[in-house]
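Q: Have a look at this one.
Values in this text are rule-based calculations from the coordinates and carry no lab data. A quick note: this is a predicted structure, and the numbers were derived from the prediction, not measured. Quick reminder, even Gly has a Cβ in these numbers, built from the backbone with ideal geometry, and neighbours come from all protein chains shown.
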């Protein structure tokens, strides 16, 4: 486990790198439960001694922060990246309810808008996986009743299905070609046992014209799923046409001279303007490869072995679980200065 973590990008304490939030108090919460802090199973797994109680952990963390001074906060934000971004979406209203009503609360979700999409074999393996997660962790009771009353609880783990129930202002930051979703939802190893997509997933410039066409279809599927947010100015979004995953905690993509730009704004500027009600922001970028400001991810092949080594569904999704266990969710807040 990493003992030291960098606070950069949205978490930076330097005004030149983070002008709107540099003087806030920031807390990183280690992601520990594998279900975006929604688990609550009373029984302990006798085989593994695992406690599926992420929802209790979330509430305990917030209670501890309130006791440490967050109860006096002028502003508070729940934010996260990847599985932490999903946490920010799933817990946004819960966070609002736990914090004093006098505090201005909003949520930011970076790379957490995972969609229920079909993979290259025509099957939605992610739907089956999310259903297993919800069942394993007993997450259903922490998902919005407005969603679970209409569909299976596993489907309500997807933001596109539960986003319409969110009352608290929330801002979505996501790449339309989210590299994690391309690798694990569109072209997971179980759907690509011969590794046809391997090089493409490592570097988007290595994709064939056919693969790019498939990715353009995935982008449209993602944008359609984004409609669940609605058009209220209390819901903001910055959807760039990049091959990336998590852009708010890296300085080069949050705010730098060469950071990604959408409608003339960096992510930092768009988020800051929206949070402080200077201007709304709901923008979607043009399709790849038109945006030349993108910082497209290139993955190390040594850290991403050929999918022929994990060709079965169980192994493939064990890889997803391991990935998610390493993600942090982020809470940061600002206590009013006297």
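Q: In what sequence do 295, 137, 194 fall when counting other Cβ within 10 Å, fewest first?
A: By the 10 Å Cβ count, ascending: 194, 295, 137.
Q: Distance between Cα centroids, the stretch 287-301 to the stretch 1-70: provide it in whole Å.
A: Answer, in whole Å: 29.
Q: Here is a further query. In whole Å, what are the extents of the stretch 134-275 along the principal axes defined by its C-alpha atoms, from largest to smallest?
A: Extents along the principal axes: 44, 42, 24 Å.
Q: Using a Förster radius of 25 Å, what is the FRET efficiency between residue 14 and residue 263 based on their Cβ-Cβ separation? Nearest 0.05, please.
A: Efficiency at R0 = 25 Å is approximately 0.45.
Q: Using R₀ = 45 Å, calculate the FRET efficiency as 1/(1 + (r/R₀)^6) where r is the Cβ-Cβ separation of residue 41 and residue 293; round to 0.05.
A: Working: r = 45 Å, r/R0 = 1.00.
The computed FRET efficiency comes out at 0.50.
Q: On to the next question. Share of Cα-Cα pairs in the stretch 1-134 beyond 19 Å, in percent?
A: Of all Cα-Cα pairs in the stretch 1-134, 60 percent lie more than 19 Å apart.
Q: Please work out the Cα center distance from the stretch 97-141 to the stretch 151-182, rounded to the nearest Å.
A: Here the two parts' Cα centres lie 6 Å apart.
Q: Next question. Under the Kirkwood approximation applied to all pairs of distinct alpha-carbon atoms, what is the hydrodynamic radius of the stretch 210-260 in Å?
A: Details: mean 1/r = 0.0763 Å⁻¹.
Averaging 1/r across every pair of different Cα atoms and inverting gives 13.1 Å.
Q: Taking only C-alpha pairs under 8 Å that are 6+ residues apart, what is the relative contact order of the stretch 9-335 in percent? Before the final figure, lay out each step's value.
A: Working: 636 pairs, mean separation 85.5, N = 327.
26 percent.
Q: Taking the alpha-carbon set of the stretch 9-335, what are its Rg and Dmax in Å?
A: Gyration radius and largest Cα-Cα distance of the stretch 9-335: 19.1, 56 Å.
Q: Let me ask something else about it. State the antiparallel share, in %, of DSSP beta bridges confined to the stretch 9-335, rounding to the nearest 5.
A: Of the beta bridges lying entirely in the stretch 9-335, close to 45 percent run antiparallel.
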